Amino acid sequence: MVIDSHTHIFDQGVLNDYLAKHPTDAFICIKFIKDFCGGAFEGRDQDIDHFISSTPNVYLVEGIDFEVNVLEQIEEIGIKMESTDKIKGIKLYPGYQHFFPYNERVLPVYVFAHEQNIPVILHSGAIYQFENSQAQLQYVNPVHVDEAATRYPETKFIITHFGFPYIMETAMVLNKNDNVFADISGILDEDTYDVFKQDMKKVLKYYPGITNQILFGTDFIGNDTYLNEVGLYVKLVEELFEDEETRQSIFYKTAQKVFNISDRS
């Protein structure tokens, strides 16, 4: 069984593109906030709610827009959750919207996520460079997740992209906080695979106990984008972890726990 914990699969065509690359059992699809990346992905998730509701084993992560009323957005998500079991998380974009994860305005999100037993996903690490980008790197260092995770130990947090290139910092945060997890999405291509694999070997030498906090993910968004890789992520897990139990943990067991997904195998 495999659960992809970080995708942007917004319609059947993109799902078919993914499945042609690797058979996967369930997908966590992250919704973009309005005007994300200057509207670079505008319209891609226009009909996402209908697609998610009508497609088995595809689940939704709602985005919270820091620049508008956060409490109202939480209320709207709560109402939606009363009529569906497909909403499995909330995504925040600190680097793009200029706030640290411990900003007072987003703290109610953590309380709500704990009450609903869903994780809060924080974009961390490298940012997508788009025209006239105002994104700032000071907000994406994963070390800042530590304060939020420490203050809200019952809330589950996910650091995206293993915080790349701050991967040692990510491992340090995971090692300290049992309620923090990290996916390995949005990093790999043929040119960087071997380097990243060696970097992760170093990380795991220093922090061997974090394997049950790592999530399989790809950031797949379609063959027409640069985020179109799947096989390299499967290969990375298989080559980094020889123990079958550890592989199962990364491929699906930890995701089942974090996203509250039942075993459908």
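Key figures for this structure:
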read-out: Cβ-placed point charges (K, R +1; D, E -1), dipole of the stretch 3-259 about Cα centre in debye, nearest 20; value: 600
read-out: Order of Glu229, Glu238 under a 10 Å beta carbon neighbour criterion, fewest first; value: Glu238, Glu229
read-out: For the stretch 111-170, size of Cβ-based charge dipole, Lys and Arg +1, Asp and Glu -1, in debye; value: 60
read-out: Centroid-to-centroid separation of the stretch 145-169 and the stretch 210-249 [C-alpha atoms, Å]; value: 19
read-out: Residues Arg247, Arg105 arranged by fewest to most Cβ contacts within 10 Å; value: Arg105, Arg247
read-out: Residue order, fewest to most surrounding Cβ atoms within 10 angstrom, among Tyr233, Tyr110; value: Tyr110, Tyr233
read-out: Spacing of the two label points (7 Å from each Cα toward its C-beta) at His22 and Gln256, in nm; value: 1.9
read-out: FRET efficiency, 1/(1 + (r/R0)^6) with R0 41 Å, evaluated for Ile79 and Gln198 via beta carbons; value: 0.30
read-out: Prolate/oblate/rounded call for the stretch 74-118, Cα gyration tensor, a/c under 1.5 rounded; value: prolate
read-out: Anisotropy class of the stretch 3-259 from Cα gyration tensor, a/c 1.5 cut; value: rounded
read-out: Expected 222 nm ellipticity per residue - DSSP helices of 4 or more, -39500 (n - 2.57), all of the chain, to 500; value: -10000 deg cm²/dmol
read-out: Contact order normalised by residue count of the stretch 3-259, Cα under 8 Å, 6+ apart, percent; value: 19
read-out: Contour excess over end-to-end distance, with Cα ends at Tyr206 and Met168 and 0.36 nm allotted per residue; value: 12.8 nm
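Laboratory data are not the source of any read-out in this text; all were calculated from the coordinates shown. What you are looking at is a predicted structure, and each value in this text was computed from that prediction instead of being measured. Note that we place each Cβ from the backbone using ideal geometry, even for glycine, and neighbour counts take in every protein chain shown.
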